[in-house]
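Only the coordinates and a few stated rules stand behind these numbers; no lab work does. Just so it is clear, the structure is predicted and the values come from calculations on it, not from any experiment. Please note: Cβ atoms are built from the backbone with ideal geometry, for glycine as well, and neighbour counts cover all protein chains shown.
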Amino acid sequence: MLSLLLLFTLICASSSFAFLPSSTSHRSLSPLLAVVDISDEATFDSAISGANSLVIVDYSTTWCGPCKVIAPKFEELSEQYPESIFLKVIGDSSSSASSLMKRESVRTVPAFHFFKDGVKVDVVNGANADALEQAIKKHT
């Protein structure tokens with residue numbers, strides 16, 4: 001529970017994130033915004049290492065048409081799978097976000113990386129909603 005609280009604290013410090021109490025969730029706090037924007041390596045590293053559930057990272061850019069097409073589906077999946085953590089890195093939003101994408105070897109956008117226990121376990125490249133959902137099901 002402490003690592004989850006640390007994760008939420010780090011995310012709140014780096015983005016606009018609101019919480020509502022939840023009586024139906026296994027979490028003591030549930031995110032009001034299901035997808036959290038990550039813009040730097042330190043926040044990303046903390047989110048990945050501090051998570052005790054599946055983490056799905058959407059790497060995109062503001063100019064990418066397929067990224068815009070898949071974004072609503074990614075939001076929908078974040079609501080459908082509340083036990084997982086959904087992060088978004090917009091590569092052209094800052095130099096640190098661009099560096100993070102390079103460090104994570106993102107070569108195409110959109111790209112979706114899946115992490116469990118701090119380890120990358122899967123990758124889905126492209127705006128393929130079915131492949132994205134199948135990967136989530138596979139790892140949850």
Would you list VAL106, VAL121, VAL89 from fewest to most Cβ contacts within 10 Å?
VAL121, VAL106, VAL89
Per-residue Cβ contact counts at 10 Å, fewest first, order GLU41, GLU79 as GLU79, GLU41
Counting C-alpha atoms alone, how compact is the stretch 70-140: give Rg to one decimal and Dmax as a whole number, in angstrom.
12.2, 33
Using θ = phi - 60° and the Karplus relation 6.51 cos²θ - 1.76 cosθ + 1.60, list the HN-Hα couplings for the stretch 75-83 in order, rounded to whole Hz, with x at every Gly or Pro.
4, 4, 5, 5, 7, 6, 10, x, 6
Residue-wise HN-Hα coupling along the stretch 114-129, computed from phi with Karplus coefficients 6.51, -1.76, 1.60 (Hz; x: Gly, Pro)
10, 10, 9, 6, x, 10, 5, 10, 6, 9, 10, 9, x, 8, 9, 4
Quick check for you: which residues of the stretch 64-96 have the amide N under 19 Å from the point 7 Å beyond the Cα of LYS120 toward its beta carbon?
85-92, 96
Taking 0.36 nm per residue of separation between LYS68 and ALA42 and subtracting their Cα-Cα distance, the length gained on full extension comes to 6.8 nm
Using the Karplus equation 6.51 cos²θ - 1.76 cosθ + 1.60 (θ = phi - 60°), what ³J(HN,Hα) coupling, rounded to whole Hz, does each residue of the stretch 58-65 give in order, writing x for Gly and Pro?
9, 9, 8, 9, 6, 8, 7, x
Of all trypsin sites (Lys or Arg not before Pro) in the stretch 97-127, which ones are in loop regions per DSSP and have a Cβ with at most 15 other Cβ atoms within 10 Å?
ARG107
For ILE48, what charge total do you get from the other residues with a beta carbon under 11 Å from its beta carbon, if Lys and Arg give +1 and Asp and Glu give -1?
-2
Loop chymotrypsin sites (Phe, Trp or Tyr not before Pro), the stretch 52-93 (other Cβ atoms within 10 Å of the site Cβ: 13 or fewer; DSSP):
TRP63
